[in-house]
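Asker: First, the structure itself, so that you have it in front of you.
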Amino acid sequence: MLLLTAAFIVAFVLLLYMVSPLISPKPLALPGAHVVVTGGSSGIGKCIAIECYKQGAFITLVARDENKLLQAKKEIEKYSINDKQVVLCISVDVSQDYGQVENVIKQAQEKLGPVDMLVNCAGTSVSGKFEDLEINYFERLMNINYLGSVYPSRAVITTMKERRMGRIVFVSSQAGQLGLFGFTAYSSSKFALRGLAEALQMEVKPYNIYITIAYPPDTDTPGFAEEKKTKPLETQLISETSSLCKPEQVAKQIVKDATGNFNSSIGSDGYMLSSLTCGMSPVTSITEGLQQIVTMGLFRTIALFYLGSFDSIIRRCMIQRAKSETVDKTA
């Protein structure tokens, strides 16, 4: 019986490898491709644009601040590999008016051709205790982090379907895989991207369009520096349990995964989180699916220790705060 079970498992694995080419997308060739990057004037977005430009892509940068866009354009153009490459800058708020977003995408396609890959990197973060956050922050983050990805994606999807090709990348966050203290507004807006990515992938896969959702960890960007100013102590201590990544490192991994993977993660923590939270997410690699099956139990065990550690941090902060309040009252 044991031998029969082992034989069945081996046969099943061999079958999976045989059908692997049928479900794995053909990698997107970046030389000559038109790549649109929202939130491309700084941080991870700018680094993604640079990485694509290094590989011969034509770039459309989309962001709100025109001055920052022009500065980013000059920086990106230093990495040109031929004299035909172009960096186009378009200033628009991708979270406010779908009609405007649709118009700027049309402008970009008229100048540089159909969009081969869209990278939705526009986003922002606010941290604070649930009851301390102004209610408009929840609306603002959902507009920027979620609708700011819906609008550009909606603007390119029809042309991609007609061409039977395309890639769309959603830049979420590890806080879009795991709800953390202080991120009730931020995590929920980033979690929403996963639902969008999974549902959209199911719709567009028959058209040879593939979705990638990236879950970068804390990354050394201007946005992260701004976020740190208002982080509660608990959030700060939890964040310090993992290392701070360079945007260039994150961008390189996202661009690599965007050519054919649904999930994109950075480092061992990111790999573990992606396996733990895979749920019903699609896989574009048989190897990835098998790894998730094999590692799920082990990673769940490790995760329980992490969760216990986070709870301990929060309890210690609460006790310390209570003691400080008592001292203040008796002083």
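Asker: On the basis of being assigned to a helix (DSSP H, G or I), surrounded by 15 or more Cβ atoms within 10 Å (Cβ to Cβ) and of a type in the set (S, T, N, Q), does Thr287 make the cut?
Answerer: Numbers: assigned to a helix (DSSP H, G or I): yes; surrounded by 15 or more Cβ atoms within 10 Å (Cβ to Cβ): no; of a type in the set (S, T, N, Q): yes.
Considered against the rule, which asks whether it is assigned to a helix (DSSP H, G or I), surrounded by 15 or more Cβ atoms within 10 Å (Cβ to Cβ) and of a type in the set (S, T, N, Q), Thr287 comes out as no.
Residues are listed down the side, and each one gets a yes or a no for (1) buried (at least 18 other Cβ atoms within 10 Å of the Cβ); (2) of a type outside the set (A, V, I, L, M, F, W, C):
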residue: Lys190; (1), (2): yes, yes
residue: Gly195; (1), (2): no, yes
residue: Gln201; (1), (2): yes, yes
residue: Lys205; (1), (2): no, yes
residue: Ile213; (1), (2): yes, no
residue: Pro217; (1), (2): yes, yes
residue: Lys229; (1), (2): no, yes
residue: Pro232; (1), (2): no, yes
residue: Gln236; (1), (2): no, yes
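Asker: When you go through (1) among the acidic types (Asp, Glu); (2) over 16 Å from the mean Cα position of the chain (by Cα); (3) under 30 Å from Val35 (Cα atoms) one by one for Glu234, which number turns out not to apply?
Answerer: Status for Glu234: all satisfied but (3).
Asker: Go through region 39-62 and count every residue that is out of contact with any Cys (no Cβ under 9 Å at 6 or more places or on another chain), open to solvent by 10 Å² or more (accessible area, probe 1.4 Å) and farther than 16 Å from Ile90 by Cα.
Answerer: Residues flagged as out of contact with any Cys (no Cβ under 9 Å at 6 or more places or on another chain), open to solvent by 10 Å² or more (accessible area, probe 1.4 Å) and farther than 16 Å from Ile90 by Cα within region 39-62 amount to 5.
Asker: Asp65 fails exactly one of the following numbered conditions: (1) of a type in the set (Asp, Glu); (2) within 25 Å of Met142 (Cβ to Cβ); (3) open to solvent by less than 60 Å² (accessible area, probe 1.4 Å). What is the number of that condition?
Answerer: So Asp65 meets the others, but not (3).
Asker: Specify the residue that is most open to solvent (accessible area, probe 1.4 Å); the eligible residues are those in region 150-188 that are β-branched (Val, Ile, Thr) and closer than 18 Å to Glu139 by Cα. So that I can check it myself, show each step before the final result.
Answerer: If we filter region 150-188 for residues that are β-branched (Val, Ile, Thr), which is where we start, we get 150, 156-159, 168-169, 171, 184.
Those still in the list that are closer than 18 Å to Glu139 by Cα too: 150, 184.
Working: Val150: 38, Thr184: 58 Å².
Going through the qualifying residues, I end up with Thr184.
Asker: Could I ask something else about it? In region 259-277, which residue that is within 14 Å of the chain's Cα centre (by Cα) and not small (Gly, Ala, Ser) is farthest from Pro25 (Cα to Cα)?
Answerer: Only one residue fits best here, namely Leu273.
The values are calculated or read from the model by the stated rules, or taken from the named source; none is laboratory data. Note that the coordinates shown come from a computational prediction; the quantities given were computed from them, not determined experimentally. Using ideal geometry, Cβ is built from the backbone for each residue, glycine included, and neighbour counts are taken over all protein chains shown. Surface accessibility is based on the protein's heavy atoms, side chains included, excluding ligands, DNA and RNA. Shrake-Rupley method; radii C 1.70, N 1.55, O 1.52, S 1.80 Å.
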